[in-house]
Amino acid sequence: MKIERRKWVQAVGADAAPVLLTLLEAGGVAFDPVENRVNPVYREYTDELSEEDFRKVLAVLSQANPQFLPKADYEKVENDFKRRTDKQWQLEQARLAEQRRQTQAATEQRLLKAGLDALGGSGTTWAARAAEIEAWWNGVKRREAAETWESVFTGNRMTARQVNAKGRGGTFTIVNRHDRKDAAKERELYLDRGLGGILARVTPANFFSGPGSANRKYELGLHDLSGTLLTSARPVLKQLKPYDEAVVVFTPAPAETDAQVFAAISELEKPDADKLREYRSKFTRLRLAQSSDMGSVFVDDNTDPKAELRARYGINGRVLLPGGAIIAIDETMLAKRRTDALEHSTILSGDAKALVNEVVIVYRQHAATDLFPLFARWDRETTSYRVLNRTTSAPTGAWISDAGAWHPA
């Protein structure tokens, strides 16, 4: 059930509002585009509340002004709580969770086998398949170099990320994934989310410049970023969140087979560490994928708060289930985000409730360097995307229709 936070706050009044808001807090802060300021992150659905917190929320709402929270609306919340605490419902959810876990384990094994089969050769070590790995890698870059806008877009592999001036970047505080409300475990993260940051991410030397070289990801703020996987079956504009004056970064996701091979070689025993680092520095890929908005924020994924910062995006949030239910993510669903990134066609949903197909993108070098990453801006007058020079941001004369057709300068 959707939490109507602003309505509930008004209904309980000024004295009870702080108590209610504390119960609804998820931990951490985020930029609120509605209020145009940084606010605490709040839970958006009742299934994200613990049973204890839900009980307390219900108690606060029971004293609400019926002028702002009519009895019928309160009873909807009350009935949702009864559903959550019903023993038979809880047993059924446990059964479904175990079913999902088993299905996910089978998917992981299937994709690992698919990656190794596509790679060819035999053996469980990097050395045993070194020749096949090199041949595969050369093929990846050869195929990338031949890609065009049309081949990627019609192949449903084009990702889009909007870079908006109001978006959050720079240095900010993130919470600990495992204890979001403990302020003592909060850490500072530097994130470059501008267009210059995209170009820095596609510069391999920022991640690997030879044996023993430093990975400058944390120094330069070059973390993974969220985006949308586009389907050629729908207008582009309808697949993106409505950000004004945003520059859209279009970048290909890898072919599913190449994504699966890359994941498989990353799991080989005794890897060639330098080769693997080199490939990682030059292979744009999807880290996570979901057929709806992930509702995620950056978090520190450390159980030990004294350990080195491990910033991650996409490992929290929520999932839109078939039928419309929205629930907090669990470990099985997180694992599914990872495997869906390896077969991204599975997330191209026709569900009208899923406004976007969200992906977490690892921006790296693409062999078609003159074309990708491609920067463009929506033009309302012509209802098209005007392609921009990556350095000057000036229009190049090329444009893309909302249907995804490329028109050269």
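Values as computed for the structure displayed
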item	result
The lone exception for Tyr243 - which of (1) farther than 20 Å from Leu191 by Cα; (2) in contact with a strand residue (DSSP E or B) (Cβ under 8 Å, 6 or more places away or on another chain); (3) surrounded by fewer than 18 Cβ atoms within 10 Å (Cβ to Cβ) it fails	(1)
Test for Leu230: is it hydrophobic (A, V, I, L, M, F, W, C), modelled with pLDDT under 95, at negative phi and assigned by TED's automatic domain parsing to the domain that holds Val163	no
Unique match (being surrounded by fewer than 19 Cβ atoms within 10 Å (Cβ to Cβ), of a type in the set (Ser, Thr, Tyr) and touching a strand residue (DSSP E or B) at 6+ places or on another chain (Cβ under 7 Å)) among Thr154, Thr173, Thr159	Thr173
Residues being crowded, with 21+ Cβ neighbours inside 10 Å and not aromatic (Phe, Trp, Tyr) - total across the stretch 141-151	1
Answer from Phe283, Phe262, Phe250, Phe298 - the residue that is aromatic (Phe, Trp, Tyr), within 23 Å of Arg161 (Cβ to Cβ), outside the structural domain of Ala30 (by TED's automatic domain parsing) and under 14 Å from the mean Cα position of the chain (by Cα)	Phe298
Selected residue (criterion: nearest to the chain's Cα centre (by Cα)) from residues of the stretch 95-120 that are surrounded by 12 or more Cβ atoms within 10 Å (Cβ to Cβ) and modelled with pLDDT under 95	Arg100
Pairs with Cβ under 8 Å, 6+ apart, first in the stretch 98-121 and under 18 Å from Arg337 (Cβ atoms), second basic (Lys, Arg)	Arg100/Lys336; Gln104/Lys336; Thr107/Lys336
Test: residue in the stretch 352-366 that is without any contact (Cβ under 8 Å) to a residue 60 or more places away in the chain and not assigned by TED's automatic domain parsing to the domain that holds Leu49	yes
Condition met for Lys56 (surrounded by 12 or more Cβ atoms within 10 Å (Cβ to Cβ), out of contact with any Cys (no Cβ under 7 Å at 6 or more places or on another chain), free of Cβ contacts under 8 Å to residues at least 60 places away in the same chain and farther than 30 Å from Leu189 by Cα)	yes
Options Arg187, Arg234; residue that is of a type in the set (D, E, K, R) and touching a residue at least 40 places away in the same chain (Cβ under 8 Å)	Arg187
Number of positions in the stretch 236-256 that are part of a loop (DSSP other than H, G, I, E, B), farther than 18 Å from Arg201 by Cα and either charged (D, E, K, R) or in contact with a Ser or Thr (Cβ under 9 Å, 6 or more places away or on another chain) (or both)	5
Close pairs from the stretch 158-179: first farther than 17 Å from Phe298 by Cβ, partner at pLDDT 90 or above and not hydrophobic (A, V, I, L, M, F, W, C), Cβ under 7 Å, at least 6 apart	Met158/Pro252; Thr159/Gly227; Thr159/Thr228; Thr159/Thr251; Ala160/Gly227; Ala160/Thr228
Selected residue (criterion: nearest to Leu225 (Cα to Cα)) from residues of the stretch 148-188 that are at pLDDT below 95 and among the hydrophobic types (A, V, I, L, M, F, W, C)	Val163
Matching residues, the stretch 246-286, being in contact with a strand residue (DSSP E or B) (Cβ under 7 Å, 6 or more places away or on another chain) and either free of Cβ contacts under 8 Å to residues at least 40 places away in the same chain or among the aromatic types (Phe, Trp, Tyr) (or both)	Phe250, Phe262
Residue within the stretch 257-276 that is surrounded by fewer than 21 Cβ atoms within 10 Å (Cβ to Cβ), within 20 Å of Glu343 (Cβ to Cβ) and charged (D, E, K, R) present	yes
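The values are calculated or read from the model by the stated rules, or taken from the named source; none is laboratory data. All values reported here derive from a predicted model rather than from experimental measurement. Here the Cβ is made from the backbone with ideal geometry for all residues, glycine too, and neighbour counts use every protein chain on show.
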